[in-house]
Structures are given as C-alpha cells and as structure tokens.
1. Can you give me the number of residues within segment 42-56 that are surrounded by 13 or more Cβ atoms within 10 Å (Cβ to Cβ), assigned to a helix (DSSP H, G or I) and free of Cβ contacts under 8 Å to residues at least 24 places away in the same chain?
2. Would you say residue 96 is at pLDDT 95 or above and surrounded by 10 or more Cβ atoms within 10 Å (Cβ to Cβ)?
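The values are calculated or read from the model by the stated rules, or taken from the named source; none is laboratory data. This is a predicted model, so every value here is computed, not measured. Cβ placement follows ideal geometry from the backbone for every residue including glycine, while neighbour counts extend to all protein chains displayed.
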C-alpha cells in the first residue's frame, strides 16, 4: 500500500507547533475577553467590581474541574445550559410575539406599508 507523500517530518512538526501555539493564544484571549465582559456585567448589574483576571482564573478552574470529572459530567452540565438557553429564547420569542417588538409593535400586515406599486417612481431629492 502506498502512502501519500508529505512535506516531511520537520515541516509537519513545525506546522503542528504553530497550530498549537495559535490554539493556546486564542484560548488565552477568550479567557481574557470573558473575564473583561463578566467584570463589566458584574459592575453594571451587581455593583461588584471583581478583577477580570480573577474571573478568568475561576473560569479556567471550572473548565479544568469539568474536564477532570469526565465527559459524562461535562455533557450533563452542557445539557442544562443548552436547555436554559433554549427556554430563555422560547420565552423571549413568545413575549415578543404577544406584546410586539419595537415602538410600533407587531402589527399584522405592517409590511404592506413598505411596498410600493411598480408604476410608482421613487422620489429623488
């Protein structure tokens, strides 16, 4: 059986190293972004000024604990969060549908105001 020819061990190992470095850099940036966003939300809604780096470290510890607990535990926690997200989106959609959105609300047939007859020419000013 013939194998596909590649660029060699050195190029493959170098590419893997660059990919690994990029992955870790992006992961660190995401933790930092999460910490900064959660810090802003904590200040705005809880009047609590928690340093962004502390939030990032706690998040890393939670992710590590879920990883160490195994796939089963992580999947159950993820299922709870996905169920909560879908429930919130469904509730928001129902309220939006019943009460309307925007200043004009949800008015049946309101999109007909935006239509113009094909014989009308747009006014240029």
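1. So in segment 42-56, the residues surrounded by 13 or more Cβ atoms within 10 Å (Cβ to Cβ) come out as 42, 50, 52-53, 55-56.
Still in the list and also assigned to a helix (DSSP H, G or I): 42, 52-53, 55-56.
Cutting the leftovers down to free of Cβ contacts under 8 Å to residues at least 24 places away in the same chain gives us 42, 52-53, 55.
Residues that pass the stated criteria total 4.
2. Numbers: at pLDDT 95 or above: no; surrounded by 10 or more Cβ atoms within 10 Å (Cβ to Cβ): yes.
No, not satisfied.
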